[in-house]
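Coordinate-derived values only; no laboratory data. Keep in mind it's a predicted model, so treat the numbers as computed, not measured. Every residue, glycine among them, receives a Cβ derived from its backbone with ideal geometry; neighbour counts consider all protein chains shown.
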Amino acid sequence: MPTADELLGNAVVDDLRACLGLELSVASFDSASLSTRMRLVRDALLSEMPSDYRDFEAALRAALPDSRFTGWMIWPVTEALAVRATAAGKPEFDSGLELLAELTSRLTGEFAIRTFLDADLDRTLATAQTWTTHPDPHVRRLASEGTRPFLPWARRVAALTARPYATRGILTALYRDESEYVRRSVANHLNDLSRTDPELVVEQASAWIADPDENTPKSVRHALRTLVKKGHPDALALLGFAAPVGVTVENLTVTPTTVVRGESVEFTFDLGNTSASNQSVAIDYVIHHVRANGTRSPKVFKLTTKSLPSGSRQQIVKSHSFRPITTRRYYPGEHLIEVQVNGHTLGSGLFLLD
């Protein structure tokens, strides 16, 4: 993965100086993060470029023909653009969004658009809706990606999380987009919404399934992935995983019964189907990790999906590692493990983490 120096280092800033004809007095980056570098360059742009929006925009447009005016230098440029445009009047606001759409093919404007959304949500969403028919897939993706309620790396826009229905028109317009790049964003956007409004997500996914193209099943699976992990029954049903009538989990064993941190625990169980028909099953396991205060916190892990023939029985074996990871701290104590089939817990066992 490229380093911050490679993405937005001194050489890139030198090119930006040349493109815009500016001094750009930027404080030393040293070991600064990428986002810190962006803010330093953004602030230098705001300090040295015209304070009048029209003159500011003209200076940026003058740089557009320069082949060097692309890549990660565009991030602080779009952030500075957003500050200038939202501080001016409505015509400048709209003009700023128009220029942001032009720049997004050089580097995504998904972070800078958050400033516009904070300043005037409805006006920005109305413009984003028009982007859904834009010939450039980068612009169409910006309509979805930039308005995601929980966009990674980006600051939260409170109005977006408060109004989950606000972006529905954008998603409806784009879920069958010809570009996988756009469709992936739409699915991620809908998955974001599952954190605050699962029913809306199921409703939207149902509408997609009712009017699909050849790519819709894949998009729906990706959009529902969080709800599936949580065992949401309606989401599972949309994907063909009904309540597991006649499905059994028996002879669940967990070994060793005491696990040393850094090692693994293995669990096995017999999965059966006593019903008269085949069953589609999504099998997950849930580990209830001990927390610092002694309570437990569940975490769902995917195991497998399969078609289970009527009358069949098979053994499932799974190993789970407790090696150190940066995203979780392990605490000693009695842990609970559960086997979940189509969102229903069918078996459980205990083990000690030492």
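Its convex hull of Cα atoms gives the chain a direction-averaged projected area, equal to a quarter of the hull surface, of 21.2 nm².
About its Cα centre, the chain has a charge dipole of approximately 1040 debye under the convention of +1 per Lys or Arg Cβ and -1 per Asp or Glu Cβ, with nothing else charged. The lysine pair count for the chain, using Cα distances under 13 Å and pairs eight or more places apart or on different chains, is 5. Residues whose amide H falls under 5 Å from that of residue 252, counting only those 5 or more places apart or on a different chain, are 270, with hydrogens built in the peptide plane. Restricting the calculation to Cα atoms, segment 147-187 yields a radius of gyration followed by a Dmax of 11.1, 31 Å.
For residue 308, the residues whose amide H sits under 5 Å from its own are 279, 280, 281, ignoring neighbours fewer than 5 places away on the same chain, with H placed 1.01 Å from N.
Angle of helix 180-193 to the longest C-alpha principal axis of the chain, folded into 0 to 90 degrees and rounded to 10: 70°. Compared with the dominant principal axis of the Cα atoms in the chain, helix 198-210 is inclined by about 90°.
Taking H as built 1.01 Å from N, whose amide H comes closer than 5 Å to the amide H of residue 247, not counting residues under 5 places away? Hits under the 5 Å cutoff: 274. Computed from Cα atoms, the angle from the helix 90-103 axis to the main principal axis of the chain rounds to 70 degrees. Reported value for segment 1-111: 95 Å³ per residue, from the convex hull of its C-alpha atoms. Using 0.36 nm per residue and subtracting the Cα-Cα separation, the extra length available between residue 336 and residue 52 on full extension is 96.1 nm.
Evaluating 6.51 cos²θ - 1.76 cosθ + 1.60 at θ = phi - 60° for every residue in segment 122-138, the Karplus couplings come out as 5, 5, 5, 5, 4, 5, 4, 4, 5, 5, 5, 10, 5, x, 8, x, 5 Hz, glycine and proline recorded as x. All C-alpha to C-alpha distances of segment 247-353, sorted into 10 Å bins beginning at zero, yield P(r) values of 14, 46, 27, 11, 2 percent in whole numbers. Segment 40-99: D in µm²/s via Stokes-Einstein (Kirkwood Rh, Cα pairs, 20 °C, 1.002 mPa s)? Reported coefficient: 185 µm²/s.
Between the listed residues 311, 113, 77, the Cα displaced farthest toward the positive end of the dipole of the chain, a dipole computed from Cβ unit charges relative to the Cα centre, is found at 311.
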